[in-house]
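These notes concern the structure reproduced below.
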Amino acid sequence: MTQPHPPPLATLAAALAWGEQCLYGLSDSARLDAEVLLCHCLKVNRSFLYTWPERALDTATQEAFTALVEQRHSGQPVAYLIGAQEFWSLPLRVTPDTLIPRPETELLVEQALVLLPSQAAVKVADLGTGSGAIALAIASERPQANVIAVDNSAGALAVARDNRDRLGFSNVDLRQGDWFAPLVGERLHVIVSNPPYIGAEEPEPYRGDCRFEPATALLSEDAGLADLRTIIQAAPNYLTPHGALLLEHGYRQGAAVRQLLTLAGFEQVVTIRDLNGHERVSRGRLPNTHRPDVTHR
């Protein structure tokens, strides 16, 4: 793909016009992308761009903005270019070691909060935490909760740790390991996860921002159901009686996930649709009579 060649970008207005033109057709949000990249270079908010459209740009800023637009033109996600993404109103650092948090995942947080009393000292686990987005969002709304954030990737956990420490959440415990491995002996009130759920045969990993995100956080075997099945089958051994499991999944996987939850002994199984009407989050509760497998104590 031919890289765009910029004319002189003397003012904010000229820079934005050029950036939007370069990205038009390559991004569904060309104007917004240009604004975010220019704000990053200037360390200002977007209102500044419209308050001072004729403000002059120095050479260094022009060069920095041009480089970012060229990288975005080649497909690099904006979040990786600026190293940040907002989620649940939290300014999170992201890197290519982590998925870019998406708005639809906020539905998983919303559903978890429905099940978590506001003042209780409950214990929650977020499996495959990545940047820590889900764990930190829950911790921000439930300061009395003890949230354990698990990820198998050291790189992802380093990002999550930076986000936790920078935002000051003392109620989030980070642990490295594969799914439940770091949770032996724990009894949790709620488990949440946005695991890999895309099959290798699906087109999504080869389009848009997904091309640059870690494949291990996107792809799962058995048409995307392998990791979902692993979590569902093991979760009852780590949940308290009446404990709940909530999972984000693909929009065509709702029926399969509900069946897996039911077979694993979960009750009150339901799937919630996102704002686009797609089945996005499924949840279930264990019965009050449930007793975890003693071999997992």
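The values are calculated or read from the model by the stated rules, or taken from the named source; none is laboratory data. Since we're looking at a predicted model, the values are computed, not measured. Note: ideal-geometry Cβ built from the backbone for every residue, glycine included; neighbour counts use all protein chains shown. Each accessible area value is taken on the protein alone, full model and side chains, heavy atoms only, with ligands, DNA and RNA left out. Shrake-Rupley method; radii C 1.70, N 1.55, O 1.52, S 1.80 Å.
Return yes when GLU186 is open to solvent by less than 50 Å² (accessible area, probe 1.4 Å), over 28 Å from GLY243 (Cα atoms) and not in a helix (DSSP H, G or I) and no when it is not. Please lay out each step first, then the result.
On the way: open to solvent by less than 50 Å² (accessible area, probe 1.4 Å): yes; over 28 Å from GLY243 (Cα atoms): no; not in a helix (DSSP H, G or I): yes.
Answer is no for this residue.
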Just to be sure I understand the filter: pairs with C-beta atoms under 6 Å, separated by 6 or more residues or on different chains, first member in region 172-183 and within 10 Å of ALA149 (Cα to Cα), second member exposed (fewer than 15 other Cβ atoms within 10 Å of the Cβ). Which pairs pass?
LEU174/ARG161
Is it the case that region 205-212 has a residue that's without any contact (Cβ under 8 Å) to a residue 40 or more places away in the chain, in contact with a helix residue (DSSP H, G or I) (Cβ under 6 Å, 6 or more places away or on another chain), part of a helix (DSSP H, G or I) and of a type outside the set (A, V, I, L, M)?
yes
Of the residues ALA67, ALA121, which is open to solvent by 50 Å² or more (accessible area, probe 1.4 Å) and among the hydrophobic types (A, V, I, L, M, F, W, C)?
ALA121
Scan GLU110, GLU104 and give me the residue that is closer than 19 Å to ILE198 by Cα, out of contact with any Phe, Trp or Tyr (no Cβ under 8 Å at 6 or more places or on another chain) and open to solvent by 60 Å² or more (accessible area, probe 1.4 Å).
GLU104
Within region 261-276, identify whether any single residue is of a type in the set (D, E, K, R), crowded, with 16+ Cβ neighbours inside 10 Å and modelled with pLDDT of 95 or more, and answer yes or no.
no
By residue number, the members of region 12-38 that are modelled with pLDDT under 90 and either small (Gly, Ala, Ser) or within 16 Å of ASP58 (Cβ to Cβ) (or both) are GLY25, SER27, SER29
Unique residue being over 25 Å from SER282 (Cα atoms), at pLDDT 95 or above and assigned to a strand (DSSP E or B) when the list is LEU157, LEU92
LEU92
